[in-house]
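Asks: Here it is: the structure, laid out below.
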Amino acid sequence: MEPQEVLRARLAGQQLREPRAATAEEAVKNLLAVQAQEFPYARWSLAQRTGGATAADVEQALADGRILRTHILRPTWHFVHRDDLPWLRALSAPRLHQVNGGTYRSTGIDSEAASRSADALAEAVAGGVHLTREQLAARLQDAGFAAKGLLLAYLIMHAEISGVLVSGAPVRSPGGALRQTYAAFDERVAGSASAAVPSREESLAALALRYFGSRGPATVRDCADWSGLTMTDVRKGLALAEEIAPGAIVAASFDGADFYLRPPQSGGETLGHGGGSGRGGELAQGGELGQGGGSERSLEPERAGDGRPQIDLLQCYDEYIMGYSVSRHYFGGTAPAYPFGDNPMHVVLSDGLVAGSWRHSLVRRGSAAQRCELDIRLSRPLGPAAEQAVAVAVADYGDFLEMPTVRIPAGS
């Protein structure tokens, strides 16, 4: 595959191009899990993959429990569809507890402390109660824990990984900022489509199908680093997926590495988006989609039919970036990265390639005069057509926030 083909396949598979998802929860379902520690920007990661979801739409899906926000995978904050969280948590939990083991020991979270804190937290949120972090801390302190700092963070995370807590309905602070709450795991996932948690083997196959189906072309190491699983587990998942859904994923060798992706249709377009392990098709092995050349080849993508560039404002933890590790370089830059000086840390794409950075500022938040200011800094001249595309991206962001949104001079 040529670099621009990799970009096109990833943009399409991740629904950053048409056809997009109908709703935010469908976008999550396609991607399986979406990194979400920067909550205001993570809402946008979901909305821009839909036909026009707003911030309020995403927040309502979270309030209703259709989308849940919890610590999963590596672990860090992720959005996960309610139907997927039971099996994804069961698959991830043993390794997550192992990864956290050193911090558990250093903070005094042994099996007895974990059990006592889980009981206290379960009682606190029983019966549909949703509590903030500070309210949970008070309940833990009543139970005899010095619940603050790292100890508090890991007692709550332990409860999330163990299936005791999950996100509740977000609440707004007096200043208008959304705040995370926590609720009972079983209550929030009740009524999900998953009648029972599948076997570990079935879960490995489902993860492989969903990851490579939405993020391909990607490597086994990409998937292992994204999921927190071992490369052995990822390979096992691919082999099991071949048995469960023949033809759903194909293998391709280029740039000196083995990649996996949904098979292309005629004309080079990827197949339509699936949601779950019920998709048909074959996990075919072998076959090369183009030859190497690698780093010396140009990263110039093909434009749309009308020749206009496509500008995307991505959060720096977007799955287009974080969905990969060893093959992240195809998008032409490095992210996420701490910004130098006053530079924004979020990513501007032009036709799938890094072209600058951006951030938003909400002015007079919570008042009738509130507005959003976008600081967008392009790293290279893109021409008048691209500047028009930037204006379209600014307007789209304003539609998402449902408030006046303007681009301000860099550094203002």
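The values are calculated or read from the model by the stated rules, or taken from the named source; none is laboratory data. Computed from a predicted model, the values in this text were never measured in an experiment. Cβ placement follows ideal geometry from the backbone for every residue including glycine, while neighbour counts extend to all protein chains displayed. Quick note on the areas: whole protein, heavy atoms, side chains included, nothing else; ligands and nucleic acids left out. Shrake-Rupley method; radii C 1.70, N 1.55, O 1.52, S 1.80 Å.
Asks: Which one is most open to solvent (accessible area, probe 1.4 Å) among residues in region 312-333 that are free of Cβ contacts under 8 Å to residues at least 40 places away in the same chain and touching a strand residue (DSSP E or B) at 6+ places or on another chain (Cβ under 8 Å)?
Replies: Taking the candidates together, the pick is 332.
Asks: Among the listed residues 175, 144, identify the single one that is more than 19 Å from residue 115 (Cα to Cα) and surrounded by fewer than 17 Cβ atoms within 10 Å (Cβ to Cβ).
Replies: Just one listed residue meets the conditions, 175.
Asks: Can you tell me which condition residue 368 does not meet? The list is (1) open to solvent by 50 Å² or more (accessible area, probe 1.4 Å); (2) touching a residue at least 60 places away in the same chain (Cβ under 8 Å); (3) farther than 28 Å from residue 76 by Cα; (4) not polar (S, T, N, Q), and all the others hold.
Replies: Condition not satisfied by residue 368: (2).
Asks: Any chance region 90-109 includes a residue that's crowded, with 24+ Cβ neighbours inside 10 Å and either assigned to a strand (DSSP E or B) or of a type in the set (A, V, I, L, M, F, W, C) (or both)?
Replies: yes
Asks: For residue 393, state whether it is within 30 Å of residue 214 (Cβ to Cβ) and at pLDDT 95 or above.
Replies: Taking the combined requirement at face value, the residue satisfies it.
Asks: Would you call residue 114 part of a helix (DSSP H, G or I) and among the small types (Gly, Ala, Ser)?
Replies: Yes; evaluated as a whole, the condition is true for this residue.
Asks: Counting just the residues of region 25-49 that are in contact with a Ser or Thr (Cβ under 8 Å, 6 or more places away or on another chain) and more than 20 Å from residue 362 (Cβ to Cβ), which one comes out most open to solvent (accessible area, probe 1.4 Å)?
Replies: 26
Asks: Tally up the residues in region 371-388 that are under 15 Å from residue 357 (Cα atoms) and open to solvent by less than 60 Å² (accessible area, probe 1.4 Å), please.
Replies: Total satisfying the criteria: 8.
Asks: Determine the pairs where a residue that is touching a residue at least 40 places away in the same chain (Cβ under 8 Å) and at positive phi, located within region 161-187, has a partner that is surrounded by 14 or more Cβ atoms within 10 Å (Cβ to Cβ) and part of a strand (DSSP E or B) with Cβ atoms under 8 Å apart, the partner being 6 or more residues away or on another chain.
Replies: 176/362
Asks: Would you mind telling me which numbered condition in (1) touching a Lys or Arg at 6+ places or on another chain (Cβ under 9 Å); (2) among the hydrophobic types (A, V, I, L, M, F, W, C); (3) surrounded by fewer than 21 Cβ atoms within 10 Å (Cβ to Cβ) residue 150 fails?
Replies: Only one criterion is unmet by residue 150, namely (1).
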